[in-house]
Amino acid sequence: MTLYQRGDIALCADGRGDYTSKPRPVVIVQNTDYIEGMQSITVCPITSVLSAASVRVRLKANDTTGLKETSEVETDKITTIRVTRLSEKIGEVAEKERNKIDYSLRIWLDL
């Protein structure tokens, strides 16, 4: 069984990387079928610094997301990290917001 799946929110806790320089939540955007057995995973960072960037998806703080404050998925900062950089799952993105993330990624990547 896969530890993580697409739409999960996990903590990237080791604080290394261009856009993950401090421990922060990330949303997994990689296809679940390609997670198990892989050493890397594709994610988008989540920030509580809200912006007017039209490709970002806003998430509410609640028990489902595990977020402590309203935040945004930075679909403009999609990145692949080592799975070992994830420390724990804290929540998940609801289907409506997952669909918005999918749309934003298609726009950002011109797919």
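The values are calculated or read from the model by the stated rules, or taken from the named source; none is laboratory data. In this text the structure is predicted, and so the values were computed from the model without any measurement. Neighbour counts are summed over all protein chains in view; Cβ atoms, including those assigned to glycine, are modelled from backbone coordinates with ideal geometry.
Within segment 78-90, residues that are more than 17 Å from Gly7 (Cβ to Cβ) sit with their Cβ atoms under 6 Å from residues that are of a type in the set (A, V, I, L, M, F, W, C), at 6+ positions apart or across chains, in these pairs: Arg85/Cys12; Ser87/Leu11; Ser87/Ala13.
Taking the conditions exactly as written (under 20 Å from Gln5 (Cα atoms), loosely packed, with under 12 Cβ neighbours inside 10 Å and touching a Leu at 6+ places or on another chain (Cβ under 7 Å)), does Glu72 satisfy them or not? Steps first, please.
Working: under 20 Å from Gln5 (Cα atoms): yes; loosely packed, with under 12 Cβ neighbours inside 10 Å: no; touching a Leu at 6+ places or on another chain (Cβ under 7 Å): yes.
For Glu72, the condition - under 20 Å from Gln5 (Cα atoms), loosely packed, with under 12 Cβ neighbours inside 10 Å and touching a Leu at 6+ places or on another chain (Cβ under 7 Å) - is not met.
Selection over segment 65-102 of residues that are assigned to a loop (DSSP other than H, G, I, E, B) and under 11 Å from Val43 (Cα atoms) gives a count of 2.
Take the residues of segment 37-52 that are over 12 Å from the mean Cα position of the chain (by Cα) and surrounded by 13 or more Cβ atoms within 10 Å (Cβ to Cβ): which is modelled with the lowest pLDDT? Step through it out loud before you land on a result.
Let us first name the residues in segment 37-52 that are over 12 Å from the mean Cα position of the chain (by Cα), namely 37-40, 48-52.
After this cut, where a residue has to be surrounded by 13 or more Cβ atoms within 10 Å (Cβ to Cβ) as well, the list is 38, 40, 48.
Numbers: Met38: 90, Ser40: 94, Ser48: 93.
Only one residue tops the list, namely Met38.
Of everything listed in (1) surrounded by 18 or more Cβ atoms within 10 Å (Cβ to Cβ); (2) under 14 Å from Tyr4 (Cβ atoms), the single unmet condition for Val57 is (2). Looking only at residues of segment 13-35 that are more than 17 Å from Asp76 (Cβ to Cβ) and modelled with pLDDT under 90, we find that the one that is surrounded by the fewest Cβ atoms within 10 Å (Cβ to Cβ) is Lys22. Pairs linking a residue in segment 1-19 that is farther than 12 Å from Val83 by Cβ to a residue that is at pLDDT below 90 and assigned to a loop (DSSP other than H, G, I, E, B), with Cβ atoms under 7 Å and 6 or more positions apart or on different chains, are Leu11/Pro23; Ala13/Pro23; Gly15/Ser21; Gly15/Lys22; Gly15/Pro23.
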